Amino acid sequence: MTNREIRSRQKAALETPTGFSPEATRDLTGALNAVLADVFALYLKTKNFHWHVSGPHFRDYHLLLDEQGAQIFATTDEIAERVRKVGGVTLRSIGHIARLQRILDNDADYVDPQDMLAELRDDNGALAARMREAHSLCDERGDVATASLLENYIDEAERRIWFLFEAGRRGNA
């Protein structure tokens, strides 16, 4: 194979055969990549808080955030592969994630544990809302497989919200 043939192959589009129109592929890819960027941002924030939590409930919060981080990270590969299955291309770098993420970073030197739980609760709520938006798009475009996947991830996010809410309660509030 010549260098010219190799370069030609390297520039060839990744054209996965699908039953979706080019417009549907574009729309589904855009929505899923935005969700995926938020998932990566939430994963890293969850791990950041896991690593830096302190105080009297350290062990409980540390374990809760580790469990939630693992659950969040487990979704990344399936979402990215779904993008490829619908004919799109997915995230390629940290910079790409940064351009698409809507979950804000938290680079503070210290965050109170209760504030950590509240921030993650709100971020999981925002992620669930964005997944519902993507689910509506899937319904419009006839993408039942992605819709089904998102339904499971929405349920997982709602469970994380519930746990973060309950863990963050003070006294008999």
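Residue separation times 0.36 nm, minus the C-alpha to C-alpha distance between Glu158 and Arg26: what's the value?
Full-extension gain reported as 44.7 nm.
Net charge within 13 Å of Gly69 by Cβ-Cβ distance, Lys/Arg positive one each and Asp/Glu negative one each, not counting Gly69 itself? Don't skip to the end; give the middle numbers.
Working: positive: Lys45, Lys47, Arg160; negative: Asp66, Glu67, Asp123, Glu156.
Surrounding charge for Gly69 is -1.
Please give the Cα centre distance for the range 119-171 versus the range 28-54, rounded to the nearest Å.
Centre-to-centre distance over Cα atoms comes out at 13 Å.
Considering only protein heavy atoms and a probe of 1.4 Å, how much of the accessible area of the chain is carbon and sulfur, as a whole percent?
52 percent
Using 1/(1 + (r/R0)^6) with R0 = 30 angstrom and r between the beta carbons of Asp139 and Gln114, what's the FRET efficiency to the nearest 0.05? Numbers along the way, then the final one.
On the way: r = 38 Å, r/R0 = 1.26.
FRET efficiency, Asp139 to Gln114: 0.20.
What's the FRET efficiency of Trp51 with Arg132 using the Cβ-Cβ distance as r and R₀ = 45 Å, to the nearest 0.05? Write down the numbers at each step before the final one.
Working: r = 30 Å, r/R0 = 0.67.
Result of the calculation: an efficiency of 0.90.
Per residue, how many Å² of accessible area does the range 106-156 show with a 1.4 Å probe?
50 Å²
Taking θ = phi - 60°, what integer Hz values does the Karplus form 6.51 cos²θ - 1.76 cosθ + 1.60 yield along the range 121-131, in sequence order, with x for Gly and Pro?
Each residue of the range 121-131 in turn: 4, 5, 5, 5, x, 5, 5, 4, 4, 5, 5 Hz.
From the P(r) of the range 22-90, can you give the percent of Cα pairs sitting at distances over 19 Å?
Of all Cα-Cα distances in the range 22-90, 44 percent exceed 19 Å.
Scale the Cα Rg of the chain by the rule-of-thumb value 2.2 N^0.38 Å and send over the ratio, two decimals.
1.21
Which order do peptides 34-47, 63-76 fall in by mean Cβ count within 10 Å, highest first?
Numbers: 34-47: 21.9, 63-76: 18.2.
Descending mean neighbour count gives 34-47, 63-76.
Using θ = phi - 60° and the Karplus form 6.51 cos²θ - 1.76 cosθ + 1.60, what ³J(HN,Hα) does each residue of the range 65-74 get, whole Hz, x for Gly and Pro?
Listing the rounded values in order: 5, 5, 4, 5, x, 4, 5, 5, 4, 4 Hz.
The values are calculated or read from the model by the stated rules, or taken from the named source; none is laboratory data. The structure presented is a predicted model; accordingly, all values stated were derived computationally and were not measured. Counting neighbours? That spans all protein chains shown, and the Cβs are built from the backbone with ideal geometry, glycine included. To get the accessible areas, we keep the full protein, side chains included, count just its heavy atoms, and leave off ligands, DNA and RNA. Shrake-Rupley method; radii C 1.70, N 1.55, O 1.52, S 1.80 Å.
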